[in-house]
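Each remark here refers to the structure printed beneath this line.
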Amino acid sequence: MSTSHPPAPAAPDRPAGRSRRAPRSARSGHGSYGYLFFAPFLVVFVIGIAAPLAYAAYLSLFQDRLVGGNVFVGLDNYVRAFGDDLFRAGLWRVTLFLLVQVPVMLTLALLAALAIDSGRLRWPALFRVGIFVPYAVPAVVASLMWGYLYGDRFGLVGQIGDALHTEVPDLLGGSWMLASIGNVVTWEYVGYNMLILYAALRTVPHELYEAAEMDGAGEFRKAWSIKLPALRPALALATVFSIIGTFQLFNEPNVLQSLAPDVISTSYTPNMYAFNLAFNGQQFNYSAAVAVVLGGVTVVVAYAVQARSMRKEQSL
């Protein structure tokens, strides 16, 4: 006589669409590893950026007086900065520099990126490296080099004038100085912005070009209808970087000051003004206020440009 065992109950089916969750301890372990990888950046950010900014804001709230020492004055330094004619003149100067130099620089970078991406250049790699090389030259070296080229008595401009027996413009004079500095900055950063734009062009799907060719579009039509719309985010990014760099303008005028001290004053740009207030005038508190105001202006202008670009992207 044989005995039969009842079949073992089947395991209940797991509902579809639900996956087994990892134990809470495992999930927390993964999170702690993420914080561990993030920690080096956080430490550098706090030490190199957040702490100096907080300390500058703290210094700007005090004044060092002969009687009483370091005294808390609240927003008095900021009120003084907004009414400072030297600071406002320097701020207007870099604003004018921004309105003229940045569009010229980005236009040249855009044309260079489009030329390389077109595939019609004979040696595109050499062309790309040649445009980028000036960015590898330190700003101080570039300013010294161009400063001596600008010299009407000792530089290339002066030698050309002597050879042609004609009077050449004084590129280190008051009416030409801002344009001369703009030429130096453009020479330095066209290659940098060109790489940003060229990298964006390489992400455009090749199928779009093939479809445009099938519709009879030429190179100009493809650049206008495909490449330029694809470059809008990259152009916005390059514009924001250029705005930040313009308001931080320091190296080029500071170096050229030794060649044209009557033209470039210690307050020629807001950054130079803050530097000279702190290290030549020993006005550390007021210098900190000027730096904070300059940083705020930079953030506002850069954010306005980025917000406008985002609105245009969303409207398309």
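The values are calculated or read from the model by the stated rules, or taken from the named source; none is laboratory data. All figures in this text were calculated on a predicted structure; none of them were measured in a lab. Positions of Cβ are backbone-derived with ideal geometry, glycine not excepted, and every protein chain shown enters the neighbour counts. Surface areas here come from the heavy atoms of the whole protein model, side chains and all, with no ligands, DNA or RNA. Shrake-Rupley method; radii C 1.70, N 1.55, O 1.52, S 1.80 Å.
Side notes on the structure shown:
- Top-ranked residue of the range 131-151 - restricted to ones that are open to solvent by 70 Å² or more (accessible area, probe 1.4 Å) and not hydrophobic (A, V, I, L, M, F, W, C), ranked as modelled with the lowest pLDDT: 148
- Cβ-Cβ distances below 7 Å connect the following pairs, each with a first residue in the range 258-283 that is closer than 21 Å to residue 70 by Cβ, a second residue that is open to solvent by less than 20 Å² (accessible area, probe 1.4 Å), and a separation of six or more residues or different chains: 274/287; 274/290; 274/294; 277/286; 277/287; 277/290; 278/287; 283/277.
- For residue 227: the one exception among (1) surrounded by 17 or more Cβ atoms within 10 Å (Cβ to Cβ); (2) under 20 Å from residue 142 (Cα atoms); (3) not aliphatic (A, V, I, L, M): (2)
- Here residue 44 meets each of (1) open to solvent by 80 Å² or more (accessible area, probe 1.4 Å); (2) closer than 12 Å to residue 288 by Cα with one exception, condition (2).
- Only residues that are among the aromatic types (Phe, Trp, Tyr) and either in contact with a Phe, Trp or Tyr (Cβ under 7 Å, 6 or more places away or on another chain) or open to solvent by less than 40 Å² (accessible area, probe 1.4 Å) (or both) were counted across the range 79-95, and they come to 1.
- Taking every residue in the range 70-89 that is at positive phi and pairing it with any residue that is surrounded by 15 or more Cβ atoms within 10 Å (Cβ to Cβ), at least 6 positions away or on another chain, the pairs with Cβ-Cβ distances below 9 Å are 74/61.
- Answer from 51, 39 - the residue that is modelled with pLDDT of 90 or more and small (Gly, Ala, Ser): 51
- In the range 152-169, the residues that are surrounded by fewer than 17 Cβ atoms within 10 Å (Cβ to Cβ) and not aliphatic (A, V, I, L, M): 153, 154, 159, 161, 162, 165, 166, 167, 169
- Pairs, first assigned to a loop (DSSP other than H, G, I, E, B) in the range 184-211, second open to solvent by 20 Å² or more (accessible area, probe 1.4 Å) and charged (D, E, K, R), C-beta under 8 Å, six or more apart: 202/117
- Within the range 260-274, if we keep just the residues that are surrounded by 18 or more Cβ atoms within 10 Å (Cβ to Cβ) and not hydroxyl-bearing (Ser, Thr, Tyr), the residue that is farthest from residue 148 (Cα to Cα) turns out to be 274.
- Hey, residue 121 among the aliphatic types (A, V, I, L, M) and modelled with pLDDT of 90 or more or not: no
- One residue from 121, 106, 98, 126 being part of a helix (DSSP H, G or I) and open to solvent by 30 Å² or more (accessible area, probe 1.4 Å): 126
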